[in-house]
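We did not get these values from a lab; they are worked out from the coordinates using the rules stated. For clarity, every value in this text was computed on a predicted model and none was experimentally measured. FYI the Cβ positions are ideal-geometry reconstructions off the backbone, even for glycines, and counts take in every protein chain you see.
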Amino acid sequence: MRTKRSDTVAAYLFLLPFLVLLGIFFVYATGRAIYFSFTDYDLFRPPNWVGLRNYAALFADALFLSALRNSILFAVIVTAVQTFLALVMAAVLNQKVRGIAFFRAAFYMPSITSSVVITLIFLWMFQRRGLINYLTESFQRALPVLLIFVLVLATVQVAQVAWERRRALPATWTDPALLVVSLLVATGATWLLATTGLIQPRDVPPVDFIWLQTRDSIPSGAPFWLSVPIPLAAIMIQNVFTTIPTFMLMYLAALQDVPKSHYEAASIDGANATQQFLRITIPSVAPVTFLVLTLSMIGTLQMFDQVAIFGDAAPLRSVVTLAYFVYDRMFPGAQTPEVGFAAAGAMFLAVLTLVVVLLQRRLVRSEAN
């Protein structure tokens, strides 16, 4: 008994630093935030109990409604897109080919790069004369040349496959050897046509799409709760780019445990790559999918840093999220802090996150059953 008690005391001593930090910065802080949410408090005067007035005032605040709309749309769209793309990327990088380790490391780099640096780079790319508008303009200008290249490529590939099958040889539409020949022929033919002047890039006006300094939404004319502000869509693109690699790594670890015999048996039964992906890959990584969905939903609902870094580059109502709304009311610059109102917003965000995760858990489990 003395040895057991000594082991228990030693365990609690090792846990003591963590428990102290948890008690101060989580339990105590959460309790204070809950209390402040029912008060009128500004850091300078004693808290004045107001009951549910702060919570009622939230839904009368236009900026809060915009933040709620933005957070929900951001969470749903970004979670769906990055989960699907992470699984597809992991399936591609799970192949046994030479040099795959380099591509795995390269695709993971955005996740370990500073979020501030990535956001500043995307902020430059989304300018009216930034990289994205420039690439769009270049694509439109070179569209005739690209169409000729694709047309020649498809024609040569179809002709080669038809010829091989006529000779009773097995040939698929994406046969690598035939595709190399088609690419060489299409490149040579396109270069020849461009050199002789038969095809030329067309003249197009400069692309002047406004990504940031606008209040417009997409789709245009949609109801308030279904319209995505264009600046928020820009942040979505940036967030997907930086978060996919982390989830890709989780999926990649799960795919390494899927027996190769399952895919071999499916190939023998005549299943193509798409059928194998839908019938084998997705069901095999269902537990990881639940983890990815949960982490993604929590992270997107609490998204803050990109909005803070974008700053005045976009209208606040077009990019504000619930987390930034709480920060903005807690630290409003030269104005008086609205601690009670901000605490009510923080509590609403916490409850919303919990409800969404619980609903997601129930839905994912019911689909699995």
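One table, with the values for the structure above:
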{"item": "Relative contact order computed over the range 139-257 (Cα-Cα under 8 Å; 6+ residues apart), in percent", "result": "25"}
{"item": "Span-rule helices in the chain, defined as complete DSSP H runs reaching 18 Å or more along the axis (Cα) with Kyte mean at least -0.5", "result": "2-22, 62-93, 100-112, 143-166, 176-195, 230-255, 286-301, 339-368"}
{"item": "Distant-in-sequence amide H partners of D40 (H built 1.01 Å from N, under 5 Å)", "result": "N48, W49, V50"}
{"item": "Full-stretch length increase - V88, H262 - with 0.36 nm per residue and alpha-carbon distance subtracted", "result": "60.8 nm"}
{"item": "By average C-beta atoms within 10 angstrom, highest first, the peptides 174-183, 65-74", "result": "65-74, 174-183"}
{"item": "Pairs of alpha carbons in the range 143-195 whose separation is greater than 16 Å (percent)", "result": "40"}
{"item": "Full-stretch length increase - L291, Y12 - with 0.36 nm per residue and alpha-carbon distance subtracted", "result": "97.4 nm"}
{"item": "Charge dipole (the range 146-217, unit charges on Cβ, about Cα centre) - positive-most of A194, A162, F149", "result": "A162"}
{"item": "Max mean-square fluctuation residue, GNM over the chain, Cα-Cα springs under 10 Å, options A323, A286, A273", "result": "A273"}
{"item": "Loop-resident sites, the range 279-369, for chymotrypsin sites (Phe, Trp or Tyr not before Pro), counting at most 15 other Cβ within 10 Å (DSSP)", "result": "F304"}
{"item": "Net length gained if the chain between Q95 and F277 were fully extended (0.36 nm per residue, minus Cα distance)", "result": "64.2 nm"}
{"item": "Calculated Rg and Dmax of the range 50-125 using C-alpha coordinates, Å", "result": "20.0, 66"}
{"item": "Pair A308, D42: separation of 7 Å Cα→Cβ label points (nm)", "result": "2.5"}
{"item": "Highest-fluctuation residue, A29, A233, A350 considered, GNM on the chain with Cα pairs under 10 Å", "result": "A29"}
{"item": "Estimated translational D of the chain in µm²/s (Stokes, Kirkwood radius over Cα pairs; 20 °C; 1.002 mPa s)", "result": "84"}
{"item": "Percent of alpha-carbon pairs separated by more than 24 Å within the range 20-169", "result": "73"}
{"item": "Ranking of D203, D328 by count of other Cβ atoms within 10 Å, fewest first", "result": "D203, D328"}
{"item": "Signed unit charges on C-beta, dipole axis of the chain, positive-most listed residue S71, G270, V320", "result": "G270"}
{"item": "Choice from L349, L87, L19 showing the highest fluctuation, given a GNM over the chain with Cα pairs closer than 10 Å", "result": "L19"}
{"item": "In nm, spacing of pseudo-spin labels at F102 and V355 (7 Å Cα→C-beta vector)", "result": "5.1"}
{"item": "Computed [θ] at 222 nm, helices only, for the chain once each DSSP H run of length n ≥ 4 contributes -39500 (n - 2.57)", "result": "-22000 deg cm²/dmol"}
{"item": "Cβ-placed point charges (K, R +1; D, E -1), dipole of the chain about Cα centre in debye, nearest 20", "result": "720"}
{"item": "Per DSSP, loop trypsin sites (Lys or Arg not before Pro) in the range 212-300 with at most 15 further Cβ within 10 Å", "result": "R215"}
{"item": "FRET efficiency estimate (nearest 0.05) - Cβ-Cβ, L52 to F26, R0 35 angstrom", "result": "0.90"}
{"item": "Label-to-label distance, nm, for residues given as R167 and T196 (7 Å Cα→Cβ offset)", "result": "2.8"}
